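Novice: Please read through the structure below; I'll follow up with questions.
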Amino acid sequence: MKISVIGCGYLGAVHAAAMASLGHEVTGVDVDTAKVEALTSGRPPFFEPGLSELLVKAQERGKLEFTTDVSRAADATVHFVCVGTPQKPGEFAADVTYVDAAVESLRTHLTATSVVVGKSTVPVGTAERLAGVIADTGAAMMWNPEFLREGHAVEDTLHPNRLVYGVADGEPGQAAAATLDEVYASILAEDTPRMITDFATAELVKTAANSFLATKISFINAMAELCEASGADVTQLADAIGMDDRIGRKFLNAGLGFGGGCLPKDIRAFMARAGELGADQAVAFLKEIDSINMRRRVRMVDIARDALGGSFIGKKITILGAAFKPDSDDVRDSPALAVARLIATQGGLVTVTDPQAIDNAKKSFPELNYVADTAEAITGAEAVLLLTEWREYRDLDPAATAELVRGKVLVDGRNVLTPELWRAAGWTYRALGRP
Ligand code: NAD
């Protein structure tokens, strides 16, 4: 099938390449010329495992092109809308102007057989409103929220654990769903569960899922606060409660908390939208989830300063990790960079290293010092803070690392190191929620 993907960022570029790998003819459209040029030459404009190979293969087979010209997508049957929905500056609400602009740019190319499929995360009510915007073209509107995880985006797109279709009532909705079934035929053939809902439910599934995940993380981080107050160990606590099937161990890793381009802005947008709908009490608890999450960053700084004897002034602090999570170069609302900035404002001489995210971090926070090589970044440090749990940081050797530093202070912001090993090598080991 001929399809288009409007918006080729973390979500759209992967979606476009994945759809081409399923055999569809895909036109990826983005307003960012540099992004389109990079994608056209087979270079993903961001780091995502497996994406480069998928892009190159699809382009070699002539199945995938990228353009800034939306009219090149005019003959597509299905148009996926994958543009950003960031937090509005100074507000909790999501900025849906990119989604509106994307749909508007498609309008003149739509016919009665076209299907516009929204994948962006939007405030509930958006799909219904946009269905009205395109009603006169005869095209169908659907909402098919995306659940991919950065770092696993290719796998998650090609093998999702479920597909959700939000459709209009009656025959038009069923026809649109049948078209999307054709697009996803080989995914559905793997017995992937597929649910058909109304627009509002599909939109809420995404925000509810992200709210639940954020809640699980902040729950264990709240327990970490109690562990810090009482001398208990939150990793053992998580292991023990996680053995109960009703709770489960996943997403119970206490540490520096969540960040990135989704969870923080999505729970805030959810609160804002609930307020507009007069249902703010229903998700008022998310304010506390957000607060617990943000408190971890401050606590991390406090622990590091305490481990250094009460002051950062003039001390070299090495931060391992700039991305908001490992296997990504995404630094949007990165907890690691937030901590780096706080320490710099308190007089620390901060050096940040990361295997993939330095270029992006530099664009957001040019005032920090960046070193690509891990050993070079660590050399001469008076404290090392592990803030993004990349494999290579988890595998650091305590004895070899000790040879590089001036002060053997290590703060494990992700609870991924073995304290006994580091302490045995002479390190002062500190962590969030662990004695
Ligand atoms: P992103 O900022 O990486 O990408 C958005 C892209 O849209 C940019 O390249 C931008 O240039 C382009 N764009 C903006 N306006 C456009 C227009 N009118 N026409 C064409 N292109 C346009 O954002 P992202 O992380 O890919 O997120 C996109 C959406 O997907 C958001 O709603 C997000 O919440 C949701 N989502 C993201 C993820 C994720 O892990 N990143 C996962 C699930 C859902």
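Novice: Can you pull out the residues in region 340-357 that are aliphatic (A, V, I, L, M) and either under 11 Å from Leu320 (Cα atoms) or out of contact with any strand residue (DSSP E or B) (no Cβ under 8 Å at 6 or more places or on another chain) (or both)? Spell out how you get there, then give the answer.
Specialist: First, the residues of region 340-357 that are aliphatic (A, V, I, L, M): 340, 342-344, 349-350, 352, 357.
Hits for region 340-357 are Ala340, Leu342, Val350, Val352, Ala357.
Novice: Continuing with this model, one more query. Do any residues in region 382-401 that are in the same structural domain as Gly321 (by TED's automatic domain parsing) have Cβ atoms under 8 Å from those of residues that are assigned to a helix (DSSP H, G or I) and polar (S, T, N, Q), where the two are at least six apart or on different chains, and which pairs are they?
Specialist: Val384/Thr401; Glu392/Thr374; Tyr393/Thr374; Leu396/Thr374
Novice: Exactly one of (1) surrounded by 23 or more Cβ atoms within 10 Å (Cβ to Cβ); (2) under 30 Å from Gly50 (Cα atoms); (3) of a type outside the set (Asp, Glu) is unmet by Ala140. Its number?
Specialist: (2)
Novice: Going by the structure shown, is Ile241 free of Cβ contacts under 8 Å to residues at least 60 places away in the same chain and over 20 Å from Arg434 (Cα atoms)? Walk me through it before giving the result.
Specialist: Numbers: free of Cβ contacts under 8 Å to residues at least 60 places away in the same chain: yes; over 20 Å from Arg434 (Cα atoms): no.
The answer is no for Ile241.
Novice: Can I ask one more? Determine, yes or no, whether Ala202 is loosely packed, with under 15 Cβ neighbours inside 10 Å and among the hydrophobic types (A, V, I, L, M, F, W, C).
Specialist: No.
Every residue, every condition in (1) in a helix (DSSP H, G or I); (2) of a type in the set (D, E, K, R), yes or no:
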residue	(1), (2)
Thr27	no, no
Val36	yes, no
Gly42	no, no
Lys57	yes, yes
Gly62	no, no
Ala76	no, no
Pro89	no, no
Phe92	no, no
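Novice: Could you tell me which of the residues Ala20, Ala13 is surrounded by 22 or more Cβ atoms within 10 Å (Cβ to Cβ), more than 16 Å from the ligand (Cβ to nearest atom) and either of a type in the set (Val, Ile, Thr) or not in a loop (DSSP other than H, G, I, E, B) (or both)?
Specialist: On the way: Ala13 fails: more than 16 Å from the ligand (Cβ to nearest atom).
When all the criteria are applied, what remains is Ala20.
Novice: If you don't mind, another one. Quick check on region 94-104: of everything there that is surrounded by fewer than 16 Cβ atoms within 10 Å (Cβ to Cβ) and either closer than 16 Å to Gly28 by Cα or not charged (D, E, K, R) (or both), which residue is nearest to the ligand (Cβ to nearest atom)?
Specialist: The extreme case among them is Ala101.
Novice: Further question: If you check Arg268 against the conditions, is it assigned by TED's automatic domain parsing to the domain that holds Gly348, closer than 14 Å to Pro123 by Cα and touching a residue at least 24 places away in the same chain (Cβ under 8 Å)? Steps first, please.
Specialist: On the way: assigned by TED's automatic domain parsing to the domain that holds Gly348: yes; closer than 14 Å to Pro123 by Cα: yes; touching a residue at least 24 places away in the same chain (Cβ under 8 Å): yes.
So Arg268 passes the test.
Novice: Note down all Cβ pairs under 9 Å where the first residue falls in region 103-121 and is over 18 Å from Met1 (Cα atoms) and hydrophobic (A, V, I, L, M, F, W, C), the second is away from the ligand (no atom under 16 Å from the Cβ) and in a strand (DSSP E or B), and they're at least six residues apart or on different chains.
Specialist: Val103/Met141
Novice: Would you mind telling me which numbered condition in (1) away from the ligand (no atom under 16 Å from the Cβ); (2) modelled with pLDDT of 95 or more Gly50 fails?
Specialist: (1)
Novice: A further question follows. Here are some residues: Arg61, Arg72. Which one is more than 15 Å from the ligand (Cβ to nearest atom) and not hydrophobic (A, V, I, L, M, F, W, C)?
Specialist: On the way: Arg72 fails: more than 15 Å from the ligand (Cβ to nearest atom).
Arg61 is the lone residue from the list that is more than 15 Å from the ligand (Cβ to nearest atom) and not hydrophobic (A, V, I, L, M, F, W, C).
Novice: OK, next. Taking Val124 as the residue in question, decide whether it is hydrophobic (A, V, I, L, M, F, W, C), over 20 Å from Asp32 (Cβ atoms) and in the same structural domain as Ser52 (by TED's automatic domain parsing). Before the answer, list the steps.
Specialist: Working: hydrophobic (A, V, I, L, M, F, W, C): yes; over 20 Å from Asp32 (Cβ atoms): yes; in the same structural domain as Ser52 (by TED's automatic domain parsing): yes.
Yes: the conditions hold for Val124.
The values are calculated or read from the model by the stated rules, or taken from the named source; none is laboratory data. Quantities reported herein were computed from a predicted structural model and do not represent experimental measurements. Using ideal geometry, Cβ is built from the backbone for each residue, glycine included, and neighbour counts are taken over all protein chains shown.
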